[in-house]
Amino acid sequence: MVMRKIILLLCCLLGISGMAQAEGGAYLFSYFIGDSRDGLHLAYSEDGLTWTPLKNGESFLKPTVGKDKLMRDPSICQGPDGTWHMVWTSSWTDRIIGYASSKDLVNWSEQKAIPVMMHEPTAHNCWAPELFYDEPSQTFYIIWATTIPGRHKEVPVIESEKGLNHRIYYVTTKDFKTFSETGMFFNPDFSVIDAAIVRDPKVKDLIMVVKNENSLPAEKNLRITRTKSITDGFPTEVSAPITGNYWCEGPAPLFVDGTLYVYFDKYREHKYGAVRSADGKSWEDISDKVSFPKGTRHGTAFPVDKETLERLKKL
């Protein structure tokens with residue numbers, strides 16, 4: 001255990017996100033199924049293509065917080081001390097997000113609500129929170145999408161999405177006990193949801209994948225933007241779509257052997273897809289090459305060490 005903590009500290013100092021990323025070769029995917037009341041599910045992969053459910057597909061944690069007690073869009077991130085932290089969407093129309101932590105991804109702390117938008121009485125939602133640990137500042141960032149009526153320039157929408165105009169907000173924390181004030185994180189000229197950040201191990205900058213949520217005309221695709229430092233923010237001028245002629249959401253970026261994979265929920269087709277790129281510019285659609293557990297919905301992908309994976313496979 002002492003050696004594990006020493007390695008984690010060295011990884012942090014070297015700018016590597018956790019011991020798992022240093023060792024590589026094993027990956028987990030956190031996701032939900034159905035209406036998400038079943039809670040947290042985990043799958044594993046050793047090649048980034050074939051994902052197999054853990055614990056025979058059973059839930060690892062059932063939700064207890066929020067108006068609707070949902071556990072949608074579970075995002076998991078490991079801190080430098082080895083603790084795993086998770087946030088999730090607790091309701092379709094809540095002003096809080098759910099939070100829990102774990103030392104082993106099996107036994108979880110008491111769940112609590114983080115009141116990220118309680119100061120905004122008209123806030124419509126807090127959707128798809130994502131965790132990112134920034135090594136230079138030793139700070140966790142929690143980012144999510146919220147609609148606040150009348151707050152931003154309106155965009156044309158179809159009738160079923162009337163009143164929804166999302167932007168990405170954030171809070172920071174070092175201990176998940178005290179949090180910064182909520183701030184604007186990403187404010188482009190389109191409705192945006194499902195932001196997820198990953199550090200490029202080659203270039204050493206940050207890549208953020210976002211969903212253009214505009215519906216008239218329909219976008220519903222994924223784009224990327226990059227920055228050298230999270231404190232500088234991400235440029236709102238994003239890339240062209242990196243996904244194809246289909247609707248998708250819930251991007252989960254993951255570097256596998258130096259190649260960036262972005263997994264996503266093809267929610268209209270009720271299946272998962274993926275694209276990958278070696279240079280962050282040219283993208284290959286590999287949706288026909290990936291395999292996920294049946295019913296997988298919006299989650300996150302992250303590296304783990306082999307020891308952690310083998311322990312979880314025994315459950």
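The values are calculated or read from the model by the stated rules, or taken from the named source; none is laboratory data. Please read these numbers as outputs of a predicted model, since none were measured by experiment. Neighbour counts are summed over all protein chains in view; Cβ atoms, including those assigned to glycine, are modelled from backbone coordinates with ideal geometry. Calculation scope for accessible area: heavy atoms of the full protein, side chains included, ligands and nucleic acids excluded. Shrake-Rupley method; radii C 1.70, N 1.55, O 1.52, S 1.80 Å.
Summary of values
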item: Pairwise label distance in nanometres, Glu269 with Thr139, each label 7 Å out on the Cα-Cβ vector; result: 4.0 nm
item: Extension gain, Asp189 back to Ser229 (0.36 nm per residue minus Cα-Cα distance, nm); result: 12.2 nm
item: For the chain, the fraction of alpha-carbon pairs in successive 10 Å shells from zero, as %; result: 6, 29, 39, 23, 4, 0
item: Cleavage-rule hits, GluC sites (Glu not before Pro), the stretch 50-140, DSSP coil, Cβ neighbours within 10 Å at most 16; result: Glu58, Glu110
item: Sites Ser291 and Glu154 - FRET efficiency at Förster radius 41 Å, r taken between beta-carbons, to 0.05; result: 0.50
item: The stretch 148-201, accessible surface, carbon-and-sulfur percent (1.4 angstrom probe); result: 50 percent
item: Qualifying GluC sites (Glu not before Pro) for the stretch 212-279 [loop in DSSP, other Cβ within 10 Å: at most 13]; result: Glu237, Glu269
item: Contour minus Cα-Cα distance for Val106 and Thr64 (0.36 nm per residue); result: 13.5 nm
item: Accessible area of the chain divided out per residue, in Å², using a probe of 1.4 angstrom; result: 43 Å²
item: Cleavage-rule hits, trypsin sites (Lys or Arg not before Pro), the stretch 198-243, DSSP coil, Cβ neighbours within 10 Å at most 13; result: Lys202, Lys204, Lys228
item: Partners for Lys306 among aspartates and glutamates (Cα-Cα distance below 12 Å; same-chain residues under 8 apart left out); result: Glu23, Glu46
